[in-house]
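This report refers to the structure that appears directly beneath it.
The values are calculated or read from the model by the stated rules, or taken from the named source; none is laboratory data. Remember, it's a predicted structure, so these values are computed and weren't measured experimentally. Using ideal geometry, Cβ is built from the backbone for each residue, glycine included, and neighbour counts are taken over all protein chains shown.
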């Protein structure tokens, strides 16, 4: 009997705690705000990857006028870490950092001014092709991580500002 009542009691307690899903429902403040964000072009290959990932996650509604503009500047670096005695690098760290601003187009005010970033380690092997492929894969993965961080922050802003 307690096997069935314990989950029921826990479910009732959790429903009263005030937690709500961030993306819950088609008309949630986060979903509505995310569909109203226009991403400005971002320079470079990393910019194209981050911009594409952002557009995929924001899913703007075609034909709707944007309420927000998202400006992103990227800093993409590869730094050699492991060095052998013959001065060859054995390990690299690829770092992708983004400074982004969400601008409310109706008032012109910057409502979010923040940074996002991540890094990944890359083994440098004897094959130059394999190293370049590993660096490219790391950039693709980092672009998705940075885009997720940016979209998450915008969704939190939308949820909090709707509660005011």
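Observations
- Lone unmet requirement of (1) within 20 Å of residue 48 (Cα to Cα); (2) in contact with a strand residue (DSSP E or B) (Cβ under 8 Å, 6 or more places away or on another chain) for residue 144: (2)
- Restricting segment 122-150 to residues that are modelled with pLDDT under 95 and touching a helix residue (DSSP H, G or I) at 6+ places or on another chain (Cβ under 8 Å), the residue that is nearest to residue 37 (Cα to Cα) is 122.
- Matching residues, segment 113-130, being in contact (Cβ under 8 Å) with a residue 24 or more places away in the chain and under 22 Å from residue 48 (Cβ atoms): 114, 116, 117, 118, 119, 120, 122
- Segment 112-136: number of residues that are over 17 Å from the mean Cα position of the chain (by Cα) and assigned to a strand (DSSP E or B): 3
- Residue in segment 131-153 that is loosely packed, with under 12 Cβ neighbours inside 10 Å and closer than 16 Å to residue 89 by Cβ present: yes
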